[in-house]
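J.: Would you mind keeping the following structure in view while I ask a few things?
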Amino acid sequence: MNEMSLTGPCADYEHDLVELQEGSLGPERARVIRLHVESCARCRAWQAEFAAIDAGLAAALPSPALSADFEHRLQARIADLAQPVNRSDLRARADREHERLVEALRRGARRHALLDGLGSAAIAICVLALARGLLEQADAMQLLFEGPQRMVILGGIGTAVALAALAWTAVRSRLPLAG
Amino acid sequence: MAMDDGIERHLAAGRHARAFDLVVPAYKDRVFRLAYSILKERAAAEDAAQETFVRVWKALPRFDGRAALGTWIYAITRNTCLMELRRRRPTVSFDDPDSTEAQHAAASIATGPADDPERDNLLRLVEALPRNQQEAVRLFYLEDRSYETVAEQLGMPLGTVKNLLHRARKRLMEVARPDEVKAA
């Protein structure tokens, strides 16, 4: 829909009609435009539509105001920024931060050591319990332990325990260190 | 501007704190209105105005007077607002009613009298304009229809501002239903 655009000779009057509405048109030009508007229904309609949208916008658009304490808050912020930097305060703040980080690392290391011990003990108990159960239930297996392959089987169990411990270490290394 | 002359005299004499004390009351309302026209939300505009004056305070000793003081302050305001818009951008979605942008737009519509469908319709039409036209329209009516003030604050030539406003209002005339426009 483009009915609101003036076309032909009237198109030249659009800006003049706006300025006439806003009172910024020079007196001579204003007289010419008024004469034209009196004789041109399309320009009259356009001018009326423009006046309506102008008034509508002026009434509809919000006109917010600053908070009463705007300057007070700004001055407080500026006062904070303007305070001279105290070197000993900065040093003390850095020291506190350093101590906090070291303590967090220590806590993390202690937690990992505890988890390592518990994990290794649990794996060893599980593997030994499994081996014992197998040996108790299988006569043939028991014979093997008494036979010449005994060392091979015990070595196999030991290797399994070592592999399980390695796997646990790999899992542990993914845990977060701090805290 | 007489106030700017006073400020610039203090600046020339190296009295930056005194100059800043004059800058804030002289510019706070216009900085806020410029920020509001860009950010479309009162609280965000006030935060941006605070941030603008903090930046002005930090940079005032380096102000060399090559540009007018107002031009310089408005440029800082626009940059502060653009940074805020950039910060919001990851959540911007005009289709998503929960997006930050949509919430800000809704907030700007909801700040007037309730139950006024004509007003709400007109504000929605303004929201649909291109961003530069929206900013010009908001600022123009906030600044008592002063083209010169809008041009100075948006850092645009006067003719550009007049064209932006003309296109925006013609567009609104085209899309607004005539009966609603007349009633508004």
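J.: Among the residues of the range B:137-150, are any over 19 Å from A:Pro62 (Cα atoms) and more than 8 Å from chain A (Cβ to nearest Cβ)? Break it down into steps so the answer makes sense when it comes.
T.: Filtering the range B:137-150 down to residues over 19 Å from A:Pro62 (Cα atoms) leaves B:148.
Among the residues that remain, those that are also more than 8 Å from chain A (Cβ to nearest Cβ) are: B:148.
Taking every residue of the range B:137-150 in turn, at least one turns out to be over 19 Å from A:Pro62 (Cα atoms) and more than 8 Å from chain A (Cβ to nearest Cβ).
J.: How do the pairs read when you match residues in the range A:40-64 that are within 9 Å of chain B (Cβ to nearest Cβ) and under 14 Å from A:Tyr13 (Cβ atoms) with residues anywhere that are among the polar types (S, T, N, Q) and part of a helix (DSSP H, G or I), using Cβ under 9 Å and keeping only pairs 6 or more apart or on different chains?
T.: Sorted first by the residue in the range A:40-64, then by its partner, the pairs are A:Phe50/A:Gln21.
J.: With the checklist (1) part of a helix (DSSP H, G or I); (2) surrounded by 10 or more Cβ atoms within 10 Å (Cβ to Cβ); (3) within 32 Å of the chain's Cα centre (by Cα); (4) of a type outside the set (A, V, I, L, M, F, W, C) in hand, flag the one item A:Arg29 doesn't pass.
T.: Checking A:Arg29 against (1) part of a helix (DSSP H, G or I); (2) surrounded by 10 or more Cβ atoms within 10 Å (Cβ to Cβ); (3) within 32 Å of the chain's Cα centre (by Cα); (4) of a type outside the set (A, V, I, L, M, F, W, C), the one that fails is (3).
J.: Against the conditions (1) away from chain A (no Cβ under 14 Å); (2) surrounded by fewer than 13 Cβ atoms within 10 Å (Cβ to Cβ); (3) more than 23 Å from B:Glu148 (Cα to Cα); (4) at pLDDT 85 or above, where does B:Arg66 fall short? Just the number, please.
T.: Only one criterion in (1) away from chain A (no Cβ under 14 Å); (2) surrounded by fewer than 13 Cβ atoms within 10 Å (Cβ to Cβ); (3) more than 23 Å from B:Glu148 (Cα to Cα); (4) at pLDDT 85 or above is unmet by B:Arg66, namely (3).
J.: Here are some conditions: (1) crowded, with 23+ Cβ neighbours inside 10 Å; (2) aliphatic (A, V, I, L, M); (3) under 16 Å from A:Ser67 (Cβ atoms); (4) touching a residue at least 40 places away in the same chain (Cβ under 8 Å). B:Ala49 meets all but one. Which one does it not meet?
T.: For B:Ala49, the failing item is (4).
J.: What are the residues in the range B:12-22 that are modelled with pLDDT under 85 and either of a type in the set (A, V, I, L, M, F, W, C) or in contact with a strand residue (DSSP E or B) (Cβ under 9 Å, 6 or more places away or on another chain) (or both), if any? Show your work before the answer.
T.: Going residue by residue through the range B:12-22, those that are modelled with pLDDT under 85 are B:12-14.
Matches in the range B:12-22: B:Ala12, B:Ala13.
J.: Conditions: (1) closer than 30 Å to B:Glu51 by Cβ; (2) of a type in the set (Lys, Arg); (3) at pLDDT 90 or above. A:Arg44 meets all but one. Number of the miss?
T.: Here A:Arg44 clears every test but (1).
J.: Checking the condition more than 12 Å from chain A (Cβ to nearest Cβ) and part of a helix (DSSP H, G or I), which residue from B:Asn121, B:Asn132 passes? Step through it out loud before you land on a result.
T.: Numbers: B:Asn121 fails: more than 12 Å from chain A (Cβ to nearest Cβ).
None of the others qualify; the one that does is B:Asn132.
J.: Considering only residues that are more than 11 Å from the chain's Cα centre (by Cα) and in a loop (DSSP other than H, G, I, E, B), which ones fall in the range B:135-154?
T.: B:Asp144, B:Arg145, B:Ser146
The values are calculated or read from the model by the stated rules, or taken from the named source; none is laboratory data. None of the values given here were measured: they were computed from a predicted structure. Cβ coordinates were reconstructed from backbone atoms using ideal geometry, including for glycine residues, and neighbour counts include every protein chain displayed.
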